[in-house]
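For reference, the structure discussed in these notes is given below.
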Amino acid sequence: MLVSAKDMLNKAREGKYAVGQFNINNLEWTKAVLLTAQENNSPVILGVSEGAGKYMGGYKTIVGMVNGMIEELNITVPVALHLDHGSYEGALKCIEAGFSSIMFDGSHYPIDENVAKTTELVKITTEKGLSLEAEVGSIGGEEDGVVGAGEIADPAECKRIADLGVTMLAAGIGNIHGQYPENWKGLAFDALEQINAVTGTTPLVLHGGTGIPEEMIKKAISLGVAKINVNTECQLSFAAATRGYIEAGKDQQGKGFDPRKLLAPGFEAIKATVKEKMELFGSVGQA
Ligand code: G3H
Ligand code: ZN
């Protein structure tokens, strides 16, 4: 059964580790993440962007697929199905479709509008027992059509949003979607420290988890981060493994056409990446 992310994240914040949100794109992705979570006895959050939702055939299709896998693959660790960087309309659709967790990304609105829309969604999600993530500041780079300026979040605005009763808060702290450039300045820990100081015990969310060095991940967790989002890194490992398999001629020199065989190396690569992240985030054994 799908669960809200609330308990798993409060527990993570308290225990000084983070739960990974791994974005999914298809059946193989979903199965790889769920099986890895189960094998490592780790709670997990499956992230679905609006673009990926459309690609997979719609939110109800995804809910059906994930619920079916949880039952038939005997997944007993806590699993939340979470809309990633959702619009207000997307959030309502996912609630209706049966998602257990929602991100409303109102970071591109003026703060008063972000507060107003987040307030409405706090009411709706609380009534239904779902978890809600909000965003302040912005994440740099681009993810699935969501483009951000990389604006460092204002602690006072973070407090306003946290005080609405959101389950978790994503704050822009110099993090970027996609691969980090060579000249990246690193995470703005002074901002994170101030945000953590004024947002009480609200679990903080670190987006752009791909390629952040280990020491920064650990420091972020020590400053209240309890959820870390990873998307690009699974895509990179999937693509490299698939390309390697074909280029090495292991697909019977281009004559192999069984999709289950063609997708198998990428599937294993996603599993390895997810396991590595769960170990780094400290969520192994915490289910
Ligand atoms: O919302 C999803 C993430 O923030 C993932 O970022 O693609 O850089 O790992 P990433
Ligand atoms: Zn993100």
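All of the numbers you see were taken from the coordinates with simple rules; none came from a lab. Nothing here was measured: the structure is a model prediction, and the numbers come from that model. Note: ideal-geometry Cβ built from the backbone for every residue, glycine included; neighbour counts use all protein chains shown.
The aspartates and glutamates whose alpha-carbon is closer than 16 Å to the alpha-carbon of K16, local same-chain residues fewer than 8 away aside, are D7, E193, E214, E215, E279. Once Rg and the Kirkwood radius are both taken over the C-alpha atoms of segment 159-287, their ratio Rg/Rh works out to 1.11.
Here the Karplus curve 6.51 cos²θ - 1.76 cosθ + 1.60, taken at θ = phi - 60°, turns the phi angles of segment 222-233 into couplings of 5, 10, x, 6, 10, 9, 10, 8, 10, 10, 3, 5 Hz, with x standing for Gly and Pro.
Working from the Cα coordinates of segment 1-108, the gyration tensor eigenvalues give, after taking √(5λ), semi-axes of 21, 18, 11 Å in decreasing order. Just round it to a whole percent: the fraction of Cα-Cα distances in segment 6-281 exceeding 34 Å. More than 34 Å apart: 16 percent of the Cα pairs in segment 6-281. Pairs of alpha-carbon atoms within less than 8 angstrom and 6+ residues apart define the contacts here; what relative contact order does segment 159-287 have, in percent? This gives 21 percent for segment 159-287. Pairs of Cα atoms nearer than 8 Å and 6+ residues apart set the relative contact order; for the chain it is 22 percent. Evaluated with a Cβ-only charge set (Lys, Arg +1; Asp, Glu -1), the chain carries a dipole of roughly 680 debye about its Cα centre, given to the nearest 20.
Taking Lys and Arg as +1 and Asp and Glu as -1, the other residues whose beta-carbon sits under 12 Å from that of L187 total 0. Taking only the C-alpha atoms of segment 40-165, Rg followed by Dmax gives 15.2, 46 Å. Both numbers refer to the Cα atoms of segment 72-139; Rg and Dmax are 13.0, 45 Å. Using only the C-alpha atoms, the convex hull of segment 142-234 corresponds to 100 Å³ per residue. Each peptide among 75-86, 109-120 gets the average number of other Cβ atoms lying within 10 Å of its residues, and from highest to lowest they stand as 75-86, 109-120. Between the C-alpha center of segment 143-182 and that of segment 65-130 there is a gap of 17 Å. Partner lysines whose Cα lies under 19 Å from the Cα of K117, excluding those fewer than 8 positions away in the same chain, are identified as K93, K128, K159. Sequentially through segment 161-177, phi angles give Karplus couplings (6.51, -1.76, 1.60; θ = phi - 60°) of 6, 4, 5, 6, x, 5, 6, 8, 10, 9, 10, x, 9, x, 7, 9, 6 Hz, Gly and Pro residues having no value and appearing as x.
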